[in-house]
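Every number in this text was worked out from the coordinates using simple rules, so none of it is lab data. Because the structure is predicted, anything quoted here is derived from the model rather than measured. So basically every Cβ, Gly included, is an ideal-geometry build from the backbone, and we count neighbours across all protein chains shown.
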Amino acid sequence: MVGAAIVLVGAILLIAALFTPWYTVQVSSSGVSETQNAYPGLPSTNGTIQYTCSGLPSGISCPSQTSYNTARENNTGTIAETGFFLIIVGFILGLVGALLGFTSRNKAGRARPAMTLALVAAIVAIATVGMFAVALPTAIGQDNPGHTGTGPWSSFYGSSSPLTWGPGIGWYLAIGAFVVLLVGMIILALARKEPPEPVAAAPGPAATTVPPTS
């Protein structure tokens, strides 16, 4: 039961990561800053890229949100789309694994499917994290062919005036989900190996004492 509850928490963390930014790029200069937050999602979905600004002069507005296709970040959008579906798959696997864990209460042998699903969900979570870290700089570079110097096209995180870039909250939530799912899987594995509790023997008929004959 404890393992199943932990797996459920991991699944919840993973789905929460879907609604938080996975990558952030900030441009700051002369007291003015613009932050671009990128979310997992379909490349054509409006709102997968959102902006926040500070210090803008009067009369200049901050862009609110757009899509990868509209922003002409098609390669980055492909990474975001792949991550979007991987996160959903990981969440479903974790959720089903948790439900199986709950239904296997007091039946240690039935914890195996729950353990397997939790393990696969954890692998999906960490694979998504790794994919973003490895593939995103290349995708950003392809979307910005005229880039110069260092920036998000050269490394997953870093800083080079006037740019600062790196992973967002969602990326870290997915790492947390991986750890929690892994812990839940280990607890389920330990439960699966527990020997069954001995069944108490039914009491036999009460012995009767025959009085001695005189």
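With a cut-off of 8 Å between alpha carbons and a minimum separation of six or more residues, what is the relative contact order of region 7-63 in percent?
Once normalised by length, the contact order is 26 percent.
Loop sites only, by DSSP: take the trypsin sites (Lys or Arg not before Pro) in the chain that have at most 16 other C-beta atoms within 10 Å and name the longest stretch containing none of them.
The segment 108-214 is the longest one with no such site.
Run the quick spin-label model on S154 and V179: label points 7 Å from Cα toward the beta carbon, then report their separation in nm to one decimal.
For S154 paired with V179, the spin-label model returns 3.1 nm.
So if we plug the beta-carbon distance of Q65 and V2 into 1/(1 + (r/R0)^6) with R0 = 45 Å, what FRET efficiency do we get, rounded to 0.05?
0.65
Once you sort the root eigenvalues of the Cα gyration tensor of region 124-172 as a ≥ b ≥ c, which label holds: rounded (a/c under 1.5), prolate (a/b larger than b/c) or oblate (the other case)?
Oblate is the answer for region 124-172, as a/c is 1.5 or above yet b/c matches or exceeds a/b.
Can you give the extra length, in nm with one decimal, that the chain gains between Y51 and M131 once fully stretched, where that is 0.36 nm per residue apart less the Cα-Cα distance?
Value of the extension gain: 26.4 nm.
Would you give the gap between the C-alpha center of region 20-53 and the C-alpha center of region 158-178, rounded to a whole Å?
Their Cα centres are 12 Å away from one another.
Can you compute the helix-only [θ] at 222 nm over the chain? Use -39500 (n - 2.57) per DSSP H run of at least 4 residues, normalise by all residues, nearest 500 deg cm²/dmol.
-17500 deg cm²/dmol
Evaluate the charge dipole of the chain about its Cα centre and quote only its size in Debye, nearest 20, assuming +1 on the Cβ of each Lys and Arg and -1 on the Cβ of each Asp and Glu.
Numbers: 7 positive and 6 negative charges, 142 e Å.
Dipole magnitude for the chain comes out near 680 debye.
In whole Hz and in residue order, list the ³J(HN,Hα) couplings for region 30-35 that follow from phi through the Karplus curve 6.51 cos²θ - 1.76 cosθ + 1.60, θ = phi - 60°; x for Gly and Pro.
6, x, 10, 9, 10, 10
Can you tell me the order of 12-24, 39-51 when each peptide is scored by its average per-residue count of other Cβ atoms within 10 angstrom, highest first?
Ranked by mean Cβ neighbours within 10 Å, highest first: 12-24, 39-51.
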